[in-house]
Amino acid sequence: MSGDGKYHVHYFAGRGLGEIARIALSEAGVEFEDHRFESLPADLKATTKFGQVPLLVTPAGDRINQSTAILRFIGATHGLSGKTALENAEIDQVIEGVNDIRAKYRALPADAANEERIKFFSTVLPQWLGYFEAILKKTGSGFYVGSNVTIADLYVYVSFDSVINKTADAQPIDAFPLVKAHLEAIAARPRIAAWIAKRPVSQW
Ligand SMILES: N[C@@H](CCC(=O)N[C@@H](CS)C(=O)NCC(=O)O)C(=O)O
């Protein structure tokens with residue numbers, strides 16, 4: 001494949017699943033073209049593996065779908081993966097844990113007064129935040145794996161940011177100081193803070 005030497009992220013005009021690639025490329029310190037659209041163009045859709053975005057086009061012109069495959073590729077290419085097979089398994093453990101809680105969140109009705117939704121924020125989310133708090137307590141480094149930032153930290157940040165910071169629901173985050181401090185620390189990393197400051201403002 002031949003590319004134009006640049007990364008291209010193709011996704012809707014929102015953060016959603018596209019923000020994972022944008023945050024990871026920002027932390028990696030590499031430039032990327034941020035292609036956004038209100039509806040997925042048919043010609044672009046036809047070039048994807050599953051009719052979906054995000055789509056990452058690499059500097060060499062390879063095309064990668066699936067947000068976590070994109071994340072792992074950026075991690076492996078730009079030093080944001082684990083240093084050992086065990087660390088990579090620990091990263092995957094965190095990513096899949098996030099996916100479990102994401103799936104529960106995505107299944108909820110939008111109405112903040114819905115009983116199931118209230119139960120999620122009062123019971124289910126605190127239980128899961130407790131699991132994440134325990135991982136951070138164990139590493140003691142402020143990161144989910146080892147003593148450096150990895151794609152696990154970025155995935156937690158992007159995913160929790162949309163569940164925890166951007167909704168009108170009663171939030172349990174204050175009871176989990178390590179998780180809260182981690183989210184704040186990732187948002188404050190210079191390259192991520194610079195991306196957040198310049199990215200287009202969107203509802204989701
Ligand atoms: N598991 C996929 C899910 C991708 C996905 O569901 N993408 C949606 C947008 S969030 C999409 O492209 N839908 C196709 C369409 O709207 O035509 C991933 O993580 O990338």
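Is there any pair linking a residue in region 37-51 that is more than 7 Å from the ligand (Cβ to nearest atom) and open to solvent by less than 50 Å² (accessible area, probe 1.4 Å) to one that is of a type in the set (A, V, I, L, M) and part of a helix (DSSP H, G or I), with Cβ under 9 Å and at least six apart or on different chains, and which?
Sorted first by the residue in region 37-51, then by its partner, the pairs are F37/L44.
Counting only residues that are within 14 Å of the chain's Cα centre (by Cα), more than 15 Å from the ligand (Cβ to nearest atom) and not hydroxyl-bearing (S, T, Y), which one in region 1-27 is farthest from P190 (Cα to Cα)?
Selected residue: L25.
Filter region 6-25 for residues that are under 11 Å from V57 (Cβ atoms) and not hydrophobic (A, V, I, L, M, F, W, C); which is most open to solvent (accessible area, probe 1.4 Å)?
Keep residues of region 6-25 that are under 11 Å from V57 (Cβ atoms), which gives 6-10, 21.
Going one step further and asking which of them are not hydrophobic (A, V, I, L, M, F, W, C), we end up with 6-8, 10.
Details: K6: 86, Y7: 12, H8: 26, H10: 29 Å².
The extreme case among them is K6.
Open to solvent by 40 Å² or more (accessible area, probe 1.4 Å), part of a helix (DSSP H, G or I) and in contact (Cβ under 8 Å) with a residue 24 or more places away in the chain: which single residue out of A134, A185, A152 fits that description? Quick ask: steps written out before the conclusion?
Working: A134 fails: in contact (Cβ under 8 Å) with a residue 24 or more places away in the chain; A152 fails: open to solvent by 40 Å² or more (accessible area, probe 1.4 Å).
Of the residues listed, the single one that is open to solvent by 40 Å² or more (accessible area, probe 1.4 Å), part of a helix (DSSP H, G or I) and in contact (Cβ under 8 Å) with a residue 24 or more places away in the chain is A185.
Would you tally the residues in region 23-49 being in contact with a strand residue (DSSP E or B) (Cβ under 6 Å, 6 or more places away or on another chain) and of a type outside the set (A, V, I, L, M)?
Result for region 23-49: 6.
Among the residues of region 55-64, is there at least one that is open to solvent by less than 20 Å² (accessible area, probe 1.4 Å), within 12 Å of the ligand (Cβ to nearest atom) and over 21 Å from W195 (Cα atoms)?
Within region 55-64, the first condition is being open to solvent by less than 20 Å² (accessible area, probe 1.4 Å), and the residues that meet it are 55-58, 61.
Keeping just the survivors that are within 12 Å of the ligand (Cβ to nearest atom) gives 55-56.
Still in the list and also over 21 Å from W195 (Cα atoms): none.
Within region 55-64 (the criterion being open to solvent by less than 20 Å² (accessible area, probe 1.4 Å), within 12 Å of the ligand (Cβ to nearest atom) and over 21 Å from W195 (Cα atoms)), the answer is no, since none of the residues qualifies.
The values are calculated or read from the model by the stated rules, or taken from the named source; none is laboratory data. Please read these numbers as outputs of a predicted model, since none were measured by experiment. We place every Cβ from the backbone using ideal geometry, glycine too, and count neighbours over all the protein chains shown. Remember, those area values only see protein heavy atoms, side chains included, never the ligands or the DNA or RNA. Shrake-Rupley method; radii C 1.70, N 1.55, O 1.52, S 1.80 Å.
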